[in-house]
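Encoded as structure tokens, the structure appears first; notes follow it.
The values are calculated or read from the model by the stated rules, or taken from the named source; none is laboratory data. Predicted model, so just to flag it, every value in this text is computed and none were measured. Here the Cβ positions follow ideal geometry from the backbone for every residue, glycine too, while neighbour counts run over all protein chains shown. Heads up: the accessible areas ignore ligands, DNA and RNA and are worked out on the full protein's heavy atoms, side chains in. Shrake-Rupley method; radii C 1.70, N 1.55, O 1.52, S 1.80 Å.
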Amino acid sequence: MTTRFAGNRGIYLAAGTAAALLALSACSSSDSGTSSSDASASSSASGTPKVTGTVEVFAAASLQESFTTLGKDFETAYPGTKVEFDFAGSDTLAASITGGAPADVFAAASAKTMKTVTDAGDGSGTPATFARNQLEIATLPGNPQHIASLKDLTKSGLKVALCATTVPCGAAAQTALTASNLTLTPVSYEQDVKSALTKVELKEVDAAVVYQTDVKAAGGKVDGVNFPEAAEAINSYPIVALKDAPNPTGAQAFIALVNSAEGQKVLTEAGFLKP
């Protein structure tokens, strides 16, 4: 499995929806006597396309950890297949797709960003929400500036990073600030949520507004501060197969994995809210 970032393209894996679910069950169920190869053979015999090749998934940067895990699960279920990811800001990925970049699946961090792709006629079918995410303030370890609220980020001399407002995490942050009648001028606007988080990890800023999932993934590199206004700006994450997908069968299989019980477990453990 290959992971790419900041707008680089990834390549993905072929599969059928029913086959994906069968193989996934074979891998995750401890009391099942059916192996993934048995499931593959069974699906082939029943006329369901066999899972082979690669699948290219364009996914929001905040999905990096959970989708990387799902990619490994997918490749385990279907030996010889390959999943490659392009993780970046949803708006950057949407622009690449509408500009003609080949991909099989698009998973965005907001319905608005997904609409850019579907309005251009590049989606295949109706996008389905598979998870939600809530904002959190990431601070330096130990929270030396004693940040306890969104309002605290407006203190004079405090260095804060935000996502650009064109990025879902930035738009959500602005929604929360507006709901609180707060004005915040950050020292930098970042093009994806991981870049904003990195600013804190490198101690270039005192805090950043990111997602709960990013704070969790960072472990001890940052501390997290919840704030009530985040409830006003929860982002839904939609996923869709793309109209000109090089591997449409694989696209449907990957989406089936994301929506399966096993896929939802991975997302929940990463800190995502249920759809």
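Determine, yes or no, whether Tyr237 is closer than 23 Å to Gln264 by Cβ, outside any helix (DSSP H, G or I) and either open to solvent by 70 Å² or more (accessible area, probe 1.4 Å) or not hydrophobic (A, V, I, L, M, F, W, C) (or both). Against the criterion (closer than 23 Å to Gln264 by Cβ, outside any helix (DSSP H, G or I) and either open to solvent by 70 Å² or more (accessible area, probe 1.4 Å) or not hydrophobic (A, V, I, L, M, F, W, C) (or both)), Tyr237 qualifies. Quick test for you: out of Val215, Val258, Val209, Val205, pick the one residue that is open to solvent by less than 20 Å² (accessible area, probe 1.4 Å), within 22 Å of Gln145 (Cα to Cα), assigned to a helix (DSSP H, G or I) and of a type in the set (Val, Ile, Thr). Just one listed residue meets the conditions, Val215. Taken as a whole, the structure leaves Leu135 outside the set of residues that are touching a residue at least 40 places away in the same chain (Cβ under 8 Å) and over 16 Å from the mean Cα position of the chain (by Cα).
Every residue, every condition in (1) closer than 22 Å to Val200 by Cα; (2) aliphatic (A, V, I, L, M), yes or no:
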position: Leu158; (1), (2): yes, yes
position: Thr166; (1), (2): yes, no
position: Asn181; (1), (2): no, no
position: Leu184; (1), (2): yes, yes
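When Lys199 is tested against the conditions (1) out of contact with any helix residue (DSSP H, G or I) (no Cβ under 7 Å at 6 or more places or on another chain); (2) surrounded by fewer than 19 Cβ atoms within 10 Å (Cβ to Cβ), the lone failure is (2).
Among the residues of the range 184-192, at least one is within 19 Å of the chain's Cα centre (by Cα) and open to solvent by 40 Å² or more (accessible area, probe 1.4 Å). Would you check which residues across the range 162-182 are open to solvent by less than 10 Å² (accessible area, probe 1.4 Å), free of Cβ contacts under 8 Å to residues at least 60 places away in the same chain and out of contact with any helix residue (DSSP H, G or I) (no Cβ under 7 Å at 6 or more places or on another chain) and list them? Matches in the range 162-182: Gly170, Leu177. A count restricted to the range 240-254 and to residues that are open to solvent by 20 Å² or more (accessible area, probe 1.4 Å) and either of a type in the set (A, V, I, L, M) or farther than 20 Å from Met1 by Cα (or both) stands at 2. Pairing each residue of the range 260-275 that is under 14 Å from Ser236 (Cα atoms) with any residue that is at pLDDT 95 or above and not in a helix (DSSP H, G or I), provided the two are 6+ apart or on different chains, yields C-beta distances under 6 Å for Leu267/Ala131; Phe272/Ala131; Phe272/Asn133; Leu273/Arg132; Pro275/Thr129; Pro275/Phe130; Pro275/Ala131. Looking only at the range 218-234, residues that are outside any strand (DSSP E or B), closer than 15 Å to Leu150 by Cβ and open to solvent by less than 40 Å² (accessible area, probe 1.4 Å) come to 3 in all. Once the range 40-84 is narrowed to residues that are touching a strand residue (DSSP E or B) at 6+ places or on another chain (Cβ under 7 Å), at pLDDT below 95 and in a helix (DSSP H, G or I), the residue that is surrounded by the fewest Cβ atoms within 10 Å (Cβ to Cβ) is Glu75. Does the range 216-233 include one or more residues that are basic (Lys, Arg), free of Cβ contacts under 8 Å to residues at least 12 places away in the same chain and more than 25 Å from Gly123 (Cβ to Cβ)? No, the conditions are met nowhere in the range 216-233.
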